[in-house]
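The values are calculated or read from the model by the stated rules, or taken from the named source; none is laboratory data. This is a predicted model, so every value here is computed, not measured. Cβ: placed from backbone, ideal geometry, glycine included. Neighbour counts: every protein chain shown. These area figures cover heavy atoms from the full protein model, side chains too; ligands, DNA and RNA do not enter into them. Shrake-Rupley method; radii C 1.70, N 1.55, O 1.52, S 1.80 Å.
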Amino acid sequence: MKNFYSRYIDDDLWLIQELEWARPLQNIRESQFALGNGYFGTRGTLEEITYDAIPGTYIAGVYDKMLSQVAELVNLPNAFNFRFTVKGEKLDIMAMDVLKHKRILNLKKGLLIRHTMYQNSRKARFDYKSLRFVSMDNKNIGAMQISITPLDGPCEIEINTGIDTSISNAGVLTEGRKKHFRVKELGQAQNAGYLAVETLEKKHAIIYWSGFYYETNGKKVFAGDNIFSLKLKKNQTITFTKIFYIKRFPCDNNLSQHKQETLKAFSKVFHAKFEDLIKNHIQAWKKLWKKADILIEGTANLQQNLRFNIYHMLICAHTDDGFSSIGARTLTGEGYRGHIFWDTEIYLMPFYLFNFPEVAKNMLLYRSKRLHVARQIAKKEGFRGAKFPWESADMGEEETPEWAKDIDGSIIKILTHKFEHHITSDVSYALYKYYMATDDEKFMRDFGYEIMFETARFWASRAVFNKKTKKYELKGVMGPDEFHLNVNNNAYTNIMAKWNLITAHRLFHKIKKDSPSLCLGLKEKLWLKEGEVKNWKKIAPLLSVNITHDRIIEQFDGYFRLKKVLVTETDENGVPIISPKLKTKHLDKTQLVKQADTLMLMYLLSDVYSLKTKLANYNFYIKRTLHKSSLSPSIHSIIACICSDLQRAYSLFNVSLRMDISNLYNNTREGMHGASLGGTWQAVIFGFAGISIAREKLCINPRMPRSWKKMVFSLSWKGDMLQLELTNDTIGVKVLSHKKKKSDLGIFDKITSLKRNKKYVFERKRPVSIGGYHY
């Protein structure tokens, strides 16, 4: 029997494989095997839509609030829908006997391939193969091919396809399932099906076109209907090819015009050769991987899993002038309702910044386009400037739901949006990192300086002067550690606010000197007085932070007086186990922390703190951290690297790396953990590869596990492309650029000027010892 798709599964280091059908893993596989191109994403649901399947089709930025307590990413009609029956029996992995089943996600080419052997109640076997992709070349297109062969005799096969409109969003707690769209129009034209749906609240119009043809015995027939039957002989193979087109339009009452426009675009693709569509798609993927791939010699399984993480960041990357950003579960599921958190700027954005800066810019444009709403949030709460929402959707309003499940499954009232104000400085921090890495002065002039000044203004109004201590305080806050809410002077919040104030002050005086007209324009637009800017500098050093004589930063006022409980036991992955005697509701009475909080400062503001301070805080807090958030392992891996605790660094890196491929936190069914994807990449690049930014220079100082023979990757830096080849004792670097000026990089511990477009190899003067730890 001819294997139609063998040429697409020929590189094991790029393949994620499901070797048998396991019903309990179905929804997990749907997230893992998701396809996408940034414009839209689809879950890897089987084509026959089995019982308990969770189909998902999501367009970036399309949210709806009707019927739910907060806005959520809309689950749209499913076009990867193809059902077959023979004599009343559905070819379904849960309805027939399965003699063989295999699915393969080709990460390199963005293809999902399947081979299933069915046997019906009459013992007749059917060989089923499929291939599908969401085009990375044409962002509105999805395509699928299915080949069926009856192996034991002739049969009449019934076909039912089209676009499934029975889709709805998942029910959450007290809410039942919700359909956030209504069918506005549907019909047939030119051998294709047409569907227009409209979201209930914002009235987004989403137009689908879908058509298919089948080939057997060398003949190609375009189907005129979605439901019909065909007679097949024994061992006769029939191949169905389905192409669909999907596009969003704003509410503008031009549906007829959009219908004609999309039909023209769809028809061009529908009548193209399938081989050309897949070829163009694969070529687009090749360009992405040329920038994003990280080659690690000596670790085959790790290489696969790392590429799996990078793949999932590639399929949600998009540029749309800030219409959308990337949610906590990307475009692979409805976890956290598709909302945007600080995960986006702090965890995900660095990957894009150093590989696809235009995507990082789009993420910042998303915030900038909603700055007016952030101003309204600040004003409503009695502050000046701009305060970004803890959970954001399409409009930039606060979208945190009232209730959610805690880590022990109990239902709790959600208060993060009332206290976790650090997201405001997180956005500013990401903005400034973008500026450092790109030198994009135009973006700063158009959007960036305004955000920096308005966020600084917020912190200045949020801080309250304590006459007794002569310090400014931020009361009633919560740091990243969500076990402890409504605390005073959380170190992470205060120091990031301090950083925000100092940086805004410095940037103001920079543009005052370099661009007086720009400075004057911003002062007039924002009603910003120089006395107010001066006040930022006054407040910043007086923000309250408690530090012991042995350099340990107290996480918040009174933290050291809480019950001392240390981690004493871990599971097989190295994640701490909470004693059954300790109830979740009592965690706030202990020094146990959920995730990196004070240690997050050691990472984000690494060049501010000495190694002694980092070591002191690492040794103190690592014993108290439970890693009960997917955001935690990767950051602790990086800090462990910095502190030369390489065994723990590698152990925690593996937790982050396998977060979703192994469903370690038991909720991958809700979508991929975006923060863990980005954090894993950061652990590799900023941890083991030793990339850092110190005094606005890019520095390289590798500290890789000894089983890693070599790392090869590229980074974008200030408009240049750096090609890097690292071992622990050598740095190979080539700066690809059209510029003539030399590039200054930190090589090991020394700033070095490099000519562009010339390859250099540097050797460490004192080779790194690889003894003393193992994996």
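Listed here are the residues, each with its yes/no results for (1) touching a residue at least 24 places away in the same chain (Cβ under 8 Å); (2) over 23 Å from the mean Cα position of the chain (by Cα); (3) outside any loop (DSSP other than H, G, I, E, B).
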{"site": "Ser662", "(1), (2), (3)": "no, no, no"}
{"site": "Ala675", "(1), (2), (3)": "yes, no, yes"}
{"site": "Val684", "(1), (2), (3)": "yes, no, yes"}
{"site": "Gly687", "(1), (2), (3)": "yes, no, yes"}
{"site": "Ile693", "(1), (2), (3)": "yes, no, yes"}
{"site": "Cys699", "(1), (2), (3)": "yes, yes, yes"}
{"site": "Ser707", "(1), (2), (3)": "yes, yes, no"}
{"site": "Ser716", "(1), (2), (3)": "yes, no, yes"}
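Exactly one condition in (1) polar (S, T, N, Q); (2) within 24 Å of Met600 (Cα to Cα); (3) in a helix (DSSP H, G or I) is false for Ser325; which is it?
(3)
Filter the stretch 316-327 for residues that are touching a Ser or Thr at 6+ places or on another chain (Cβ under 6 Å) and not hydroxyl-bearing (Ser, Thr, Tyr) and give the result. Steps first, answer last, please.
Step one: filter the stretch 316-327 for residues touching a Ser or Thr at 6+ places or on another chain (Cβ under 6 Å), giving 316, 325-326.
Passing the criteria: Cys316, Ile326.
If only one of Ser606, Ser651 is of a type in the set (Gly, Ala, Ser), in contact (Cβ under 8 Å) with a residue 60 or more places away in the chain and either more than 17 Å from Tyr492 (Cα to Cα) or buried (at least 23 other Cβ atoms within 10 Å of the Cβ) (or both), which one is it? Even if it seems obvious, please write down each step before you answer.
Details: Ser606 fails: either more than 17 Å from Tyr492 (Cα to Cα) or buried (at least 23 other Cβ atoms within 10 Å of the Cβ) (or both).
Within the list Ser606, Ser651, the selection yields Ser651.
Filter the stretch 147-185 for residues that are farther than 28 Å from Glu334 by Cα and within 35 Å of the chain's Cα centre (by Cα) and give the result.
Start the filter on the stretch 147-185 by keeping residues that are farther than 28 Å from Glu334 by Cα, which leaves 147-159.
Hit for the stretch 147-185 is Ser147, nothing else.
Where residues in the stretch 586-602 are open to solvent by 20 Å² or more (accessible area, probe 1.4 Å) and touching a residue at least 12 places away in the same chain (Cβ under 8 Å), which of them is nearest to Ser637 (Cα to Cα)?
Filtering the stretch 586-602 for residues open to solvent by 20 Å² or more (accessible area, probe 1.4 Å) gives 586, 588-589, 594.
Then drop every residue that is not touching a residue at least 12 places away in the same chain (Cβ under 8 Å), which leaves 588-589, 594.
Numbers: Asp588: 25, Lys589: 27, Lys594: 15 Å.
Only one residue tops the list, namely Lys594.
Anything in the stretch 190-234 that is of a type outside the set (Phe, Trp, Tyr), touching a helix residue (DSSP H, G or I) at 6+ places or on another chain (Cβ under 7 Å), open to solvent by less than 30 Å² (accessible area, probe 1.4 Å) and farther than 20 Å from Phe84 by Cα? List them, or say none.
Ala196, Ala205, Ile207
Restricting attention to the stretch 624-660, report how many residues are under 15 Å from the mean Cα position of the chain (by Cα) and over 24 Å from Lys405 (Cβ atoms).
Final tally of qualifying residues: 1.
Restricting to the stretch 235-256, count the residues that are among the hydrophobic types (A, V, I, L, M, F, W, C) and either open to solvent by 60 Å² or more (accessible area, probe 1.4 Å) or over 34 Å from the mean Cα position of the chain (by Cα) (or both). Can you show your working first?
Of the residues in the stretch 235-256, the ones among the hydrophobic types (A, V, I, L, M, F, W, C) are 238, 240, 243-244, 246, 249, 251, 255.
Filter once more, keeping what is either open to solvent by 60 Å² or more (accessible area, probe 1.4 Å) or over 34 Å from the mean Cα position of the chain (by Cα) (or both): 238, 251.
Count: 2.
Can you pull out every residue in the stretch 542-570 that is among the basic types (Lys, Arg), closer than 26 Å to His586 by Cβ and assigned to a loop (DSSP other than H, G, I, E, B)?
Lys564
Condition check ((1) within 26 Å of Ile553 (Cα to Cα); (2) among the charged types (D, E, K, R); (3) modelled with pLDDT under 95) across all residues:
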residue: Lys380; (1), (2), (3): no, yes, no
residue: Pro389; (1), (2), (3): no, no, no
residue: His421; (1), (2), (3): yes, no, no
residue: Tyr432; (1), (2), (3): yes, no, no
residue: Asp481; (1), (2), (3): yes, yes, no
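Please go through (1) open to solvent by 10 Å² or more (accessible area, probe 1.4 Å); (2) acidic (Asp, Glu); (3) in contact (Cβ under 8 Å) with a residue 40 or more places away in the chain for Asp645 and return the number of the only condition it doesn't satisfy.
Asp645 satisfies every listed condition except (3).
Just to be sure, is Leu431 assigned to a helix (DSSP H, G or I), open to solvent by less than 40 Å² (accessible area, probe 1.4 Å), touching a Leu at 6+ places or on another chain (Cβ under 7 Å) and closer than 30 Å to Ile691 by Cα? Working first, answer last.
Working: assigned to a helix (DSSP H, G or I): yes; open to solvent by less than 40 Å² (accessible area, probe 1.4 Å): yes; touching a Leu at 6+ places or on another chain (Cβ under 7 Å): yes; closer than 30 Å to Ile691 by Cα: yes.
Spelling it out, Leu431 is indeed assigned to a helix (DSSP H, G or I), open to solvent by less than 40 Å² (accessible area, probe 1.4 Å), touching a Leu at 6+ places or on another chain (Cβ under 7 Å) and closer than 30 Å to Ile691 by Cα.
If we scan the stretch 556-566, do we find a residue that is touching a residue at least 60 places away in the same chain (Cβ under 8 Å) and open to solvent by 40 Å² or more (accessible area, probe 1.4 Å)? If you could, list the steps in order and put the result at the bottom.
Kept after step one, since they are touching a residue at least 60 places away in the same chain (Cβ under 8 Å), are these residues of the stretch 556-566: 556-559.
Now drop any that are not open to solvent by 40 Å² or more (accessible area, probe 1.4 Å), which leaves 557.
Scanning the stretch 556-566, I find at least one residue that is touching a residue at least 60 places away in the same chain (Cβ under 8 Å) and open to solvent by 40 Å² or more (accessible area, probe 1.4 Å), so the answer is yes.
Output the residue which, of all residues in the stretch 328-352 that are part of a helix (DSSP H, G or I) and among the β-branched types (Val, Ile, Thr), is farthest from Asn667 (Cα to Cα).
Of the residues in the stretch 328-352, the ones part of a helix (DSSP H, G or I) are 335-338, 342-352.
Now drop any that are not among the β-branched types (Val, Ile, Thr), which leaves 344, 346.
On the way: Thr344: 19, Ile346: 22 Å.
Taking the candidates together, the pick is Ile346.
For the stretch 508-530, which positions are under 24 Å from Ala463 (Cβ atoms), without any contact (Cβ under 8 Å) to a residue 60 or more places away in the chain and surrounded by 12 or more Cβ atoms within 10 Å (Cβ to Cβ)?
Across the stretch 508-530, the qualifying residues are Phe508, His509, Lys510, Lys512, Lys523, Glu530.
What pairs come out if I take residues in the stretch 458-471 that are closer than 20 Å to Thr503 by Cβ and pair them with residues that are open to solvent by 40 Å² or more (accessible area, probe 1.4 Å) and not in a helix (DSSP H, G or I) whose C-beta lies under 8 Å away, six or more apart or interchain?
These pairs meet every condition: Phe458/Phe383; Phe458/Arg384; Ala460/Arg384; Ser461/Phe383; Ser461/Arg384; Arg462/Phe383.
Could you tell me which numbered condition His339 fails, if it satisfies all but one of (1) buried (at least 21 other Cβ atoms within 10 Å of the Cβ); (2) more than 12 Å from the chain's Cα centre (by Cα)?
Checking His339 against (1) buried (at least 21 other Cβ atoms within 10 Å of the Cβ); (2) more than 12 Å from the chain's Cα centre (by Cα), the one that fails is (2).
So that you can scan it fast, the table gives a plain yes or no per residue for (1) open to solvent by less than 10 Å² (accessible area, probe 1.4 Å); (2) not β-branched (Val, Ile, Thr):
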{"position": "Arg669", "(1), (2)": "no, yes"}
{"position": "Met672", "(1), (2)": "yes, yes"}
{"position": "Leu677", "(1), (2)": "yes, yes"}
{"position": "Trp681", "(1), (2)": "yes, yes"}
{"position": "Arg695", "(1), (2)": "no, yes"}
{"position": "Ile700", "(1), (2)": "yes, no"}
{"position": "Gln723", "(1), (2)": "no, yes"}
{"position": "Thr727", "(1), (2)": "no, no"}
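When you go through (1) touching a helix residue (DSSP H, G or I) at 6+ places or on another chain (Cβ under 9 Å); (2) of a type outside the set (Ser, Thr, Tyr); (3) surrounded by fewer than 17 Cβ atoms within 10 Å (Cβ to Cβ) one by one for Asp439, which number turns out not to apply?
With (1) touching a helix residue (DSSP H, G or I) at 6+ places or on another chain (Cβ under 9 Å); (2) of a type outside the set (Ser, Thr, Tyr); (3) surrounded by fewer than 17 Cβ atoms within 10 Å (Cβ to Cβ) applied to Asp439, the lone miss is (1).
Take the conditions under 18 Å from Phe447 (Cβ atoms) and touching a residue at least 24 places away in the same chain (Cβ under 8 Å) and apply them to Arg384. Does it pass? Explain how you work it out, then say what you get.
On the way: under 18 Å from Phe447 (Cβ atoms): no; touching a residue at least 24 places away in the same chain (Cβ under 8 Å): yes.
For Arg384, the condition - under 18 Å from Phe447 (Cβ atoms) and touching a residue at least 24 places away in the same chain (Cβ under 8 Å) - is not met.
To keep it simple, each residue is scored yes or no on (1) within 20 Å of Met721 (Cα to Cα); (2) touching a residue at least 24 places away in the same chain (Cβ under 8 Å); (3) in contact with a Ser or Thr (Cβ under 6 Å, 6 or more places away or on another chain); (4) open to solvent by 30 Å² or more (accessible area, probe 1.4 Å).
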site	(1), (2), (3), (4)
His258	no, yes, no, no
Lys264	no, no, no, yes
His271	no, no, no, yes
Glu275	no, no, no, yes
Ile296	yes, yes, no, no
Leu314	yes, yes, no, no
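What number of residues in the stretch 312-336 are closer than 22 Å to Leu105 by Cβ, of a type outside the set (Asp, Glu) and over 10 Å from the mean Cα position of the chain (by Cα)?
Matching residues across the stretch 312-336 total 3.
Checking the conditions here, which among Val533, Val477, Val487 is of a type in the set (Val, Ile, Thr) and open to solvent by 10 Å² or more (accessible area, probe 1.4 Å)? Please lay out each step first, then the result.
Details: Val533 fails: open to solvent by 10 Å² or more (accessible area, probe 1.4 Å); Val477 fails: open to solvent by 10 Å² or more (accessible area, probe 1.4 Å).
None of the other options fit; the residue is Val487.
Residues checked against (1) of a type in the set (Asp, Glu); (2) over 28 Å from Ser714 (Cβ atoms):
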residue	(1), (2)
Thr239	no, yes
Phe249	no, yes
Val269	no, yes
Asp276	yes, yes
Ile310	no, no
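Considering Ala328, Ala284, which residue is of a type outside the set (Lys, Arg), within 23 Å of Leu73 (Cβ to Cβ) and touching a Gly at 6+ places or on another chain (Cβ under 9 Å)? Outline the logic, then answer.
Values: Ala284 fails: within 23 Å of Leu73 (Cβ to Cβ).
Answer to the selection: Ala328.
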